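Structure first, then comments.
The values are calculated or read from the model by the stated rules, or taken from the named source; none is laboratory data. Bear in mind that the values here come from a model prediction, so they are computed numbers and not experimental data. Every residue, glycine as well, gets a Cβ built from its backbone with ideal geometry; the counts of neighbours run over all protein chains shown.
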Amino acid sequence: MKELALHILDIAQNSITAGANYIEINVVEDESANKFFISVMDNGCGMSEEMVKQVTDPYVTMRTTRKVGMGIPLIKHTAEQAGGQLHISSKMGRGTKLEAVFEHNHIDRPELGDIAGVVTILAGGNPNIRFQYNHQKNEKKFSIDTDEINQTLEGIPINEPEVLKFIKEMIRENLKELY
């Protein structure tokens, strides 16, 4: 995948498939430590210890519709290619946390890409799931939480086109302030 945002979308889709109703996405850019962190945490069904050990193998998947799963092996490869690593922790019935670390200035680290579009797609396509997106660049931080947005909307559906347009623009504007 050419953008890290697409990896995040794929991982979040795994969380949705696992029955999560809360998904937290974190992006932390620490230029002084030359690190770029991505984490996706959920409260889905989780995985057994055995599955966690095998999930980076493309021929191991929990899906029944196909025999391969490329998302997690691809992000693992991308992280390692950019001087980083992937760590996954999970507890059955409690959820999963995936953390990918990259060297920030590594030539092989893909750009973050359209994270505003990804968060908007996730929120619009899954209005009953709480998404929390946190982004930190050095000392500056930005967060968005769909529960807070839903409270503000006072009954207007979050997946209304004008609401989604507003969410996307709000994320983009706040990210500009980080850079």
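Annotations for the structure displayed:
- Considering the range 156-179, the residues that are surrounded by 14 or more Cβ atoms within 10 Å (Cβ to Cβ) and β-branched (Val, Ile, Thr) include one that is nearest to residue 127 (Cα to Cα), namely 158.
- Scanning the range 79-109 for residues that are among the small types (Gly, Ala, Ser) and surrounded by 14 or more Cβ atoms within 10 Å (Cβ to Cβ) turns up 79, 82, 83, 84, 89, 90, 95, 100.
Residue-by-condition table, conditions (1) modelled with pLDDT of 95 or more; (2) under 29 Å from residue 32 (Cβ atoms); (3) in a helix (DSSP H, G or I); (4) touching a helix residue (DSSP H, G or I) at 6+ places or on another chain (Cβ under 9 Å):
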site: 107; (1), (2), (3), (4): yes, yes, no, no
site: 128; (1), (2), (3), (4): yes, no, no, no
site: 141; (1), (2), (3), (4): yes, yes, no, yes
site: 158; (1), (2), (3), (4): yes, no, no, yes
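- Test set (1) part of a helix (DSSP H, G or I); (2) under 22 Å from residue 33 (Cβ atoms) - residue 135 fails condition number: (1)
- Within the range 26-75, if we keep just the residues that are of a type in the set (Asp, Glu) and modelled with pLDDT of 90 or more, the residue that is farthest from residue 90 (Cα to Cα) turns out to be 31.
- Complete set of residues in the range 113-126 that are of a type in the set (A, V, I, L, M, F, W, C) and either crowded, with 20+ Cβ neighbours inside 10 Å or modelled with pLDDT under 95 (or both): 115, 116, 118, 119, 122, 123
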